Amino acid sequence: MNSGTFPDFLGTVSVIHRPGNTVVATIPVGNFPQGIAITPDGTQAYVANSNDATVSVIDTATNTVAGLPIPVGQGPDWVAVNPNGTQAYVTNGGLSGTVSVIKTANRAVVAAIPVGSSPLGVAFTPDGTHAYVTNYGSNTVSVIATASNTVVATVPVDSPFGVAVSPNGQDGYVSKITNTDKVRVIATATNTKVAVIPVGASPRGVAIGP
């Protein structure tokens, strides 16, 4: 969805301390930071810098950027780290229509997976074997097999935006942003739509309780 037309500025990530809910650090990253994901062990945070076509990696122990930014595709939007922390998936929402796969051990891009147009949301199944990617421009959801980093199914969904997978791995929940007030439910066993849930207008993010 990001076309790279936003004004350039140096972005930052704010670190909030709990339980005081106070900002304890402000970390400079790249231009127009959007998605962020933290590794399961809590040691690294991956930040998509949309205008720079890069990802910054933050060392959470020191609240500093570790190494140089990682080049990815145009207009990176969202980031997800797989359950065992070995890979980060970055949706490139610009014209490339790809998902960049970063190996967290050496912070290298090991694959660029072609998906649909304007990919936005991304979420892994709990076992890490599949990732679900919402393609806003193509009105589809791509299902990626993570062992091969290939698309194994494409599910039609109008104007998909956010996505989350249930803790038991049985269902994917996809928000539809344009001219709708619904969330689609995809059965992961068959990759078919099995339910429509009416919600408020123009839903975007999705999160599921543990």
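The values are calculated or read from the model by the stated rules, or taken from the named source; none is laboratory data. Note that this is a predicted model, so its numbers are computed, not measured. With ideal geometry, Cβ positions are generated from the backbone for all residues, glycine too; neighbour counts draw on all protein chains shown.
Couple of notes before you dig in:
- Just one of the listed residues (Ser3, Ser14) is of a type in the set (S, T, N, Q), modelled with pLDDT under 95 and either at negative phi or part of a loop (DSSP other than H, G, I, E, B) (or both), namely Ser3.
- Restricting Gly94, Gly121 to those that are in contact (Cβ under 8 Å) with a residue 40 or more places away in the chain, more than 23 Å from Val152 (Cβ to Cβ) and not aromatic (Phe, Trp, Tyr) reduces the list to Gly94.
- Looking across Val157, Val151, Val141, one residue alone is surrounded by fewer than 20 Cβ atoms within 10 Å (Cβ to Cβ), over 12 Å from Thr91 (Cα atoms) and of a type outside the set (Phe, Trp, Tyr). It is Val151.
- Selection status of Ser100, under 17 Å from Asn149 (Cβ atoms), at pLDDT 95 or above, in a strand (DSSP E or B) and of a type outside the set (A, V, I, L, M): yes
- Residue within the range 77-96 that is buried (at least 16 other Cβ atoms within 10 Å of the Cβ) and acidic (Asp, Glu) present: yes
- Of the candidates Val47, Val24, Val55, the single residue that is outside any loop (DSSP other than H, G, I, E, B), of a type in the set (A, V, I, L, M, F, W, C) and surrounded by fewer than 15 Cβ atoms within 10 Å (Cβ to Cβ) is Val24.
- Per this entry, Val152 is counted among residues that are among the β-branched types (Val, Ile, Thr), under 28 Å from Ala112 (Cβ atoms) and at pLDDT 90 or above.
- Strands (runs of 3 or more DSSP E) within the range 160-210 that include 1 or more residues at pLDDT 95 or above, among the hydrophobic types (A, V, I, L, M, F, W, C) and under 18 Å from Thr129 (Cα atoms): 160-165, 182-187
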